[in-house]
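The values are calculated or read from the model by the stated rules, or taken from the named source; none is laboratory data. Note that this is a predicted model, so its numbers are computed, not measured. Quick reminder, even Gly has a Cβ in these numbers, built from the backbone with ideal geometry, and neighbours come from all protein chains shown.
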Amino acid sequence: NAGVTQTPKFRVLKTGQSMTLLCAQDMNHEYMYWYRQDPGMGLRLIHYSVGEGTTAKGEVPDGYNVSRLKKQNFLLGLESAAPSQTSVYFCASTDKQGAREQYFGPGTRLTVT
Amino acid sequence: DQQVKQNSPSLSVQEGRISILNCDYTNSMFDYFLWYKKYPAEGPTFLISISSIKDKNEDGRFTVFLNKSAKHLSLHIVPSQPGDSAVYFCAASAIGAGNNRKLIWGLGTSLAVNP
């Protein structure tokens, strides 16, 4: 099993550009999450999904959109990137029991200039 | 307002000695606590957890202690090894809206184990 994978690993965007981060998991997990990690801020939840076709806002959702069209995939979109969105983005998943042990991807380092 | 606090940003210990990482929380609704370990350029990996109905959970060199009255938990690593050098995150979980759980994370403690 590959676990949780994220694409791409690195990206540099100019302000105003758009992009989509892809998260894929092969563990048949119901719950998926997108976090961002910034220095001195820990992990902050952007959006999450409790199952295919569902999404919900987390702690810092502004400027991001998500979609969960397939159970194994969770996409994070930035429609108009801003320098404040420079961060490391982590995707995670867990089973139907909820947010106990979450399994994380390796992260995407995004820089917005 | 930080609901999960790791007040020590960094900790340095000698190989073979005990590492003690601390975590405090404010929300009495938290009923499950986890420790994650993170190496640079990798995602966090689950290390050990404890339910609020217990006060201790042990897994090999790692032990987590929970003091509910003090709203405090700690992770003990004995003996510490250089490969334990990483950032350790404390996280807490409670049932929320829609019967869903979310994790609330501390800011992390960077542990350096010196040979």
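General observations
- Within the span defined as the range B:50-58, every residue fails to be out of contact with any strand residue (DSSP E or B) (no Cβ under 9 Å at 6 or more places or on another chain), farther than 27 Å from A:S93 by Cβ and at pLDDT 95 or above.
- Residues satisfying the stated conditions in the range B:72-109, i.e. under 17 Å from B:E15 (Cβ atoms) and assigned to a loop (DSSP other than H, G, I, E, B): B:V78, B:P79, B:S80, B:Q81, B:S85
- Residue in the range A:7-14 that is closer than 25 Å to B:Q3 by Cα, of a type outside the set (A, V, I, L, M, F, W, C) and in contact with a strand residue (DSSP E or B) (Cβ under 7 Å, 6 or more places away or on another chain) present: no
- In the range A:84-103, residue nearest to B:Y36 (Cα to Cα) [restricted to those that are of a type outside the set (F, W, Y) and either under 12 Å from the mean Cα position of the chain (by Cα) or at pLDDT 95 or above (or both)]: A:A92
- Among the residues of the range A:38-56, those that are over 11 Å from the mean Cα position of the chain (by Cα) and closer than 19 Å to B:Y88 by Cβ comprise A:D38, A:P39, A:G40, A:M41, A:G42, A:L43.
- Residue selected from the range A:32-45 under the condition among the aliphatic types (A, V, I, L, M) and either without any contact (Cβ under 8 Å) to a residue 40 or more places away in the chain or within 10 Å of chain B (Cβ to nearest Cβ) (or both), by the criterion farthest from A:D95 (Cα to Cα): A:M41
- Residue list for the range B:92-110, filter: on the phi > 0 side of the Ramachandran plot and either more than 8 Å from every other protein chain (Cβ to nearest Cβ) or surrounded by fewer than 21 Cβ atoms within 10 Å (Cβ to Cβ) (or both): B:G98, B:N99
- Qualifying residue in the range B:63-71 (condition: out of contact with any Ser or Thr (no Cβ under 9 Å at 6 or more places or on another chain) and either surrounded by fewer than 17 Cβ atoms within 10 Å (Cβ to Cβ) or not basic (K, R) (or both)): yes
- Here A:S49, A:S67, A:S93 are screened, and the one residue that is away from chain B (no Cβ under 14 Å) and of a type in the set (S, T, Y) is A:S67.
- So B:S52, is it within 14 Å of chain A (Cβ to nearest Cβ), more than 22 Å from A:L43 (Cα to Cα), surrounded by 14 or more Cβ atoms within 10 Å (Cβ to Cβ) and not charged (D, E, K, R): yes
- Number of the condition not met by B:V113 [criteria: (1) part of a strand (DSSP E or B); (2) more than 25 Å from A:Q6 (Cα to Cα); (3) within 14 Å of chain A (Cβ to nearest Cβ)]: (3)
- Residues (closer than 24 Å to A:A2 by Cα, outside any loop (DSSP other than H, G, I, E, B) and of a type outside the set (G, A, S)) located in the range A:50-77: A:V66, A:N73, A:F74, A:L75, A:L76
- Residue tally, condition assigned to a strand (DSSP E or B) and over 16 Å from B:G108 (Cβ atoms), over the range A:21-49: 13
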